[in-house]
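Participant: The structure's right below; bear with me while I get my questions together.
Coordinate-derived values only; no laboratory data. In this text the structure is predicted, and so the values were computed from the model without any measurement. Here the Cβ positions follow ideal geometry from the backbone for every residue, glycine too, while neighbour counts run over all protein chains shown.
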């Protein structure tokens, strides 16, 4: 399942803040076309890790390479999607999707054409000229996904993108994401605290420890692709979720106690 | 009687009721003769002021003073507001005095303006400018300081330059709060100009109100007050219509 070329290489990455270490000596790779999830207790540094890879915040030490190039700042080949509401309320769906292309100076016609393709891909046909205030939470996240994907990033980072949505919408959007990923072969690094979601979507789940965040273990998810959400009924699914929870439980309790201090 | 018309009917009913009470008090001997003239007399005086064109030069003077003052208030208010919003240190220094002074009646500055600018329209412009400055600077500073951090991250992540981030993210984010500040600012600029006219002036809406009072032409005084109120209400309505159009900037 792992193809030869790594898109993302992280080695010995550390991030320190005054008084605390968020991430300590973390290393892993993400290969082309892979869907890798990071799961860990609250405060374990998984969002920090993602923002370092995106070039939004600086690292303290270690290396981060995208296709062999060191990450220093935000990069055209890295897209990121946040958990919080991130699409601009003053722009229509199409205008939001075009935002990145517009910033990079792409011509109006070309932008519109690419945005139209994205609309079809994420299933928002008919909502091109609506404003975010007229869309549901799930639709708004689809716009955010389209906005990132239209830039054709080598690597797509997703920071708990469905965390604010209800369970059913989450599962449906997870299916949609799988479909999109399989259709365009997108490489994805996905942060979540939802074990079911990690097992449903990923090829590999990286489990992080409580702060300071390190890699505790990696679990391979060997369901075949193309997948649907029907796998959640299988015995293997439950077993994998259980396996990950056993790894996670100890760290979650630690994180819980740290939080109480 | 459906949902739309019922509040309207109650409002009309309240106005009619008030007018009735007014007439009753006026006709009774409760108050000094002439303080509460009949509504018919007031309406007649108002009609005369409008149809003879008497009120329009004065209306224009007030509009000129308030607009020019507001223009200054807008320019300085937005500029200072942006600076304060962007720099937390500056904000810490200047925000408390600005807030305290915002709550102080600006009329106390009027004698200073009279000394510097004289009794003509510049002193009223200064009143309008000082009055309008505060709602604008406060709203702008709050808007600038509270731009959604996620939006900034999004802009950075797609490679937007600082200039692009300012024009495409900061400015649209701040538009609605700044407009709300402008709406308040227009209102208090108008008040500032009229206050100045009430005290020392030779033209404007405030002037004709106080002049009618001085000559004890009470129906004319009420008429001018009503016409001023009507004008201010129209300005407010116009601003509301503009703000409704800007709904999509709300977050």
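Participant: Sort the following peptides by mean Cβ neighbour count (other Cβ atoms within 10 Å, averaged over residues), highest first: B:24-32, A:185-193.
Facilitator: A:185-193, B:24-32
Participant: Roughly what angle does helix A:93-103 make with the longest principal axis of chain A, taking Cα atoms, 0 to 90 degrees, to the nearest 10?
Facilitator: 80 degrees
Participant: If you don't mind, another one. Before rounding to the nearest 500, sum -39500 (n - 2.57) across all DSSP H runs of length at least 4 in the protein assembly as shown and divide by the residue total; then give [θ] at 222 nm in deg cm²/dmol.
Facilitator: -19000 deg cm²/dmol
Participant: Now for a separate question. At 0.36 nm per residue, and after removing the present C-alpha to C-alpha distance, how many nm does the segment from residue A:120 to residue A:21 gain when stretched out fully?
Facilitator: Additional length available on full extension: 31.3 nm.
Participant: If you rank B:62, B:167 by fewest surrounding Cβ atoms within 10 Å, what's the result?
Facilitator: Least to most surrounded, the residues fall as B:167, B:62.
Participant: Here's something else I'd like to know. Could you check what % of the DSSP bridge pairs in chain A are antiparallel, to the nearest 5?
Facilitator: Antiparallel: roughly 50 percent of the beta bridges in chain A.
Participant: Helix B:39-51: angle to the longest alpha-carbon principal axis of chain B, degrees 0 to 90, nearest 10?
Facilitator: It is inclined by approximately 60 degrees.
Participant: Ok, one more. Once R0 is set to 35 Å, what does the formula 1/(1 + (r/R0)^6) return for the Cβ-Cβ distance between residue B:39 and residue B:146, expressed as a FRET efficiency to the nearest 0.05?
Facilitator: Efficiency at R0 = 35 Å is approximately 0.15.
Participant: Debye calculation, C-alpha points only, no solvent: report log10 I(q)/I(0) for segment A:24-160 at q = 0.08, 0.09, 0.13, 0.22 Å⁻¹, in the same order as the q values.
Facilitator: Treating every Cα as an identical point scatterer, log10 I(q)/I(0) equals -0.24, -0.30, -0.61, -1.35.
Participant: Now for a different question. Once both labels are modelled 7 Å past Cα along the beta-carbon direction, what's the residue A:218-residue A:60 spacing in nm?
Facilitator: Between residue A:218 and residue A:60, the label points sit 2.4 nm apart.
Participant: Further question on the same structure: May I ask for the equivalent-ellipsoid semi-axes of segment B:8-66, computed as the square root of five times each C-alpha gyration tensor eigenvalue and listed largest first in whole Å?
Facilitator: 28, 18, 11
Participant: Now a separate question. Any idea how far apart residue B:94 and residue A:233 come out in nm if each label point goes 7 Å out from Cα toward Cβ?
Facilitator: Between residue B:94 and residue A:233, the simple spin-label model gives 6.6 nm.
Participant: Now for a separate question. Let me know the shape class of segment B:1-135, please: from the alpha-carbon gyration tensor, a ≥ b ≥ c as square roots of the eigenvalues, rounded when a/c is under 1.5, otherwise prolate if a/b is greater than b/c, or oblate.
Facilitator: It comes out prolate by the Cα gyration axes.
Participant: At what distance in angstrom do the alpha carbon centres of segment B:141-187 and segment A:102-132 lie from each other?
Facilitator: Cα centres, segment B:141-187 to segment A:102-132: 23 Å.
Participant: Normalised by the number of residues in segment A:9-67, what is the relative contact order in percent for Cα pairs under 8 Å and 6+ residues apart?
Facilitator: It rounds to 47 percent for segment A:9-67.
Participant: What do you get for the angle between helix B:218-245 and the principal long axis of chain B? Use alpha-carbon atoms, 0 to 90 degrees, nearest ten.
Facilitator: 30 degrees
Participant: What is the Cα centroid distance between segment A:1-41 and segment B:201-241, reported in whole angstrom?
Facilitator: 71 Å
Participant: With labels modelled as points extended 7 Å from the Cα through the Cβ direction, what inter-label distance (nm, one decimal) is found for residue B:18 paired with residue A:175?
Facilitator: 6.0 nm
Participant: Relative to the present Cα-Cα distance, how much length would full extension add between residue B:103 and residue B:54 at 0.36 nm per residue of separation?
Facilitator: 14.1 nm
Participant: Right, another one. Taking each residue in A:96-106, count the Cβ atoms of any other chain within 10 Å of its Cβ, then average. What number comes out?
Facilitator: Average per residue, whole number: 3.
Participant: Something else now. Which of these, B:206, B:159, B:181, has the largest mean-square fluctuation under a Gaussian network model of chain B (Cα springs below 10 Å)?
Facilitator: B:159
Participant: Okay, moving on. Taking beta carbons within 10 Å but only from partner chains, what does the mean come to for residues B:173-181?
Facilitator: Per residue, the average neighbour count from other chains is 1.
Participant: Quick one: Debye curve from the C-alpha atoms of chain B, no solvent, what's log10 I(q)/I(0) at q = 0.10 Å⁻¹?
Facilitator: Here the Debye-derived log intensity ratios amount to -0.66.
Participant: Using only the alpha carbons, work out the radius of gyration and Dmax of the protein assembly as shown in angstrom.
Facilitator: Considering the protein assembly as shown through its Cα atoms, Rg and Dmax are 32.1, 102 Å.
Participant: Let me know the whole percent of all Cα-Cα pairs from chain A that are separated by more than 31 Å.
Facilitator: Result: 25 percent of Cα pairs exceed 31 Å.
Participant: Over all residues in B:47-57, what is the mean tally of Cβ atoms on other chains that come within 10 Å of each residue's Cβ?
Facilitator: Across B:47-57, the average partner-chain Cβ count within 10 Å equals 0.
Participant: Rg(Cα) of segment B:176-251 divided by 2.2 N^0.38 Å?
Facilitator: The reported ratio for this selection is 1.39.
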